[in-house]
């Protein structure tokens with residue numbers, strides 16, 4: 001025992017170093033697994049508040065751009081409003097998007113685009129009704145999914161993440177279903193996976209969200225096709241797409257609250273139980 | 001006590017500057033300049049090793065909390081603190097540190113700071129990008145990032161050290 005203590009005392013520098021490094025690797029592996037990551041809370045209000053203060057300062061230099069964006073969005077909403085009020089009332093009675101989806105506006109207080117896994121922090125949290133697994137969109141297209149919530153802030157896993165996996169449709173091609181991933185390291189381009197070989201893709205074809213997910217409403221813009229990447233084995237092709245959202249200059253986003261989410265969750269659980 | 005207070009202020013200012021300013025620099029996505037390493041670089045030279053390790057770990061962990069990379073920066077700064085005595089010995093040669101309490105621009109010359117900064121940044125970046133690369137299986141890319149980020153960080157750190165070195169301008173060239 002004495003020898004052990006003497007050994008520790010003699011080599012305390014190296015031992016402390018090893019202990020700290022092992023601790024780091026343990027923390028790292030805990031957060032590298034998607035399912036475990038969901039259980040660890042790394043979003044906290046202090047960090048959020050500091051980022052928010054920084055954003056406030058930065059915003060003064062961007063007021064012009066923010067104003068322009070808001071004006072553009074206003075114009076878009078006015079156009080859409082005109083269309084909606086013109087259509088017959090019957091359509092709205094069958095499916096009223098307003099009652100299924102609620103959009104909570106939030107501001108981006110911090111975001112990254114140049115890491116292997118990117119996150120966005122927004123200034124709305126549990127107190128504002130944000131929960132895990134809610135979809136996040138911008139005026140240009142889909143942005144990501146909420147993975148972590150603190151009382152007043154939330155972390156969003158952006159599309160620029162190795163776990164990002166979104167069900168999409170190729171709009172001009174028989175509404176073919178495919179999966180959107182991020183396999184490049186460039187924040188502007190993503191990959192659409194699982195395209196049947198018989199499909200002819202054209203540059204500029206639109207990629208939108210499918211109806212197979214209750215995180216995002218149907219038909220939200222995801223990006224446009226850049227080029228087809230033929231599969232070496234000749235089975236399912238991939239395509240390089242350009243995201244419609246500019247992740248490097250995100251300012252205002254909307255969190256999508258599905259009003260029937262609790263109901264859907266129980267349905268899914270029942271379904272899973274029956275399968276077991 | 002004064003020195004202790006000074007280090008706390010340096011800790012806070014560097015973390016704020018890192019997360020609010022420097023993290024927004026992205027040239028092509030490969031450049032990751034880290035200036036918060038200055039904190040570990042300027043710790044007193046004769047400080048007990050275990051204290052250097054713990055302080056290095058602490059600033060790395062705080063940065064990790066901000067960046068959502070739990071463990072990566074902490075691992076890299078701990079490695080940096082561990083290698084620091086060796087690096088100082090390596091870059092100093094026969095230089096004596098009898099009356100130098102912490103690295104400073106008045107008592108040490110530019111070539112010394114260049115060698116010291118480069119080695120420290122390299123150890124940090126190497127550990128950081130390896131931790132990042134191994135967890136994502138992108139080792140080739142990690143190496144490319146090291147190659148680009150080390151010179152940029154070294155340049156930024158030296159610039160900051162010169163800007164904030166209090167008596168440098170008064171004394172002029174030596």
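The values are calculated or read from the model by the stated rules, or taken from the named source; none is laboratory data. Worth saying up front: this structure is predicted, and the values here are computed from it rather than measured. Here the Cβ positions follow ideal geometry from the backbone for every residue, glycine too, while neighbour counts run over all protein chains shown.
Residue count for the range B:67-81, restricted to those that are without any contact (Cβ under 8 Å) to a residue 60 or more places away in the chain, crowded, with 22+ Cβ neighbours inside 10 Å and part of a helix (DSSP H, G or I): 9. Please enumerate the residues belonging to the range A:187-198 that are away from chain B (no Cβ under 14 Å), at negative phi and part of a strand (DSSP E or B). Correct list: A:190, A:191, A:192, A:193, A:195, A:196. The residue that is modelled with the highest pLDDT, counting only those in the range B:118-173 that are more than 11 Å from chain A (Cβ to nearest Cβ) and not in a helix (DSSP H, G or I), is B:164. Residues of the range A:172-184 that are at pLDDT below 85 and buried (at least 17 other Cβ atoms within 10 Å of the Cβ): A:173, A:176.
Evaluating residue B:26 against the criteria (1) within 13 Å of chain A (Cβ to nearest Cβ); (2) over 16 Å from the mean Cα position of the chain (by Cα); (3) modelled with pLDDT under 90; (4) assigned to a helix (DSSP H, G or I) leaves one unmet condition, (4).
Let's see how each residue does on (1) in contact with a helix residue (DSSP H, G or I) (Cβ under 8 Å, 6 or more places away or on another chain); (2) under 21 Å from residue A:140 (Cα atoms):
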position	(1), (2)
A:194	no, no
A:198	no, no
A:214	yes, yes
A:240	no, yes
A:246	no, yes
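Just a yes or no: is a residue in the range B:84-97 over 14 Å from the mean Cα position of the chain (by Cα), within 8 Å of another protein chain (Cβ to nearest Cβ) and under 20 Å from residue B:34 (Cβ atoms)? No, because not a single residue in the range B:84-97 is over 14 Å from the mean Cα position of the chain (by Cα), within 8 Å of another protein chain (Cβ to nearest Cβ) and under 20 Å from residue B:34 (Cβ atoms).
Yes/no matrix, rows are residues, columns are (1) part of a loop (DSSP other than H, G, I, E, B); (2) within 14 Å of chain B (Cβ to nearest Cβ); (3) under 22 Å from the mean Cα position of the chain (by Cα):
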residue: A:172; (1), (2), (3): yes, no, no
residue: A:177; (1), (2), (3): no, no, yes
residue: A:180; (1), (2), (3): no, no, yes
residue: A:185; (1), (2), (3): yes, yes, yes
residue: A:200; (1), (2), (3): yes, no, no
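Of the residues B:115, B:145, the single one that is touching a helix residue (DSSP H, G or I) at 6+ places or on another chain (Cβ under 6 Å) and surrounded by fewer than 18 Cβ atoms within 10 Å (Cβ to Cβ) is B:115. Candidates B:71, B:49: the one that is within 22 Å of residue B:3 (Cβ to Cβ), out of contact with any strand residue (DSSP E or B) (no Cβ under 9 Å at 6 or more places or on another chain) and within 8 Å of chain A (Cβ to nearest Cβ) is B:49. The requirement of being at pLDDT 80 or above, in a loop (DSSP other than H, G, I, E, B) and farther than 18 Å from residue A:167 by Cβ is fulfilled somewhere in the range A:222-230, by at least one residue.
With the structure loaded, tell me whether residue A:148 is in a strand (DSSP E or B) and closer than 30 Å to residue A:51 by Cα or whether it fails that test. If you could, list the steps in order and put the result at the bottom.
On the way: in a strand (DSSP E or B): yes; closer than 30 Å to residue A:51 by Cα: yes.
The answer is yes for residue A:148.
Specify which of the listed residues (B:65, B:39) is within 30 Å of residue A:154 (Cα to Cα), more than 14 Å from chain A (Cβ to nearest Cβ) and in contact with a helix residue (DSSP H, G or I) (Cβ under 9 Å, 6 or more places away or on another chain). None of the others qualify; the one that does is B:39.
Among the conditions (1) under 24 Å from residue A:104 (Cα atoms); (2) outside any loop (DSSP other than H, G, I, E, B); (3) more than 14 Å from every other protein chain (Cβ to nearest Cβ); (4) at pLDDT below 90, the only one that residue A:139 does not satisfy is (2). Among residues that are out of contact with any helix residue (DSSP H, G or I) (no Cβ under 8 Å at 6 or more places or on another chain), surrounded by fewer than 19 Cβ atoms within 10 Å (Cβ to Cβ) and under 25 Å from residue A:21 (Cα atoms), residue B:89 is included.
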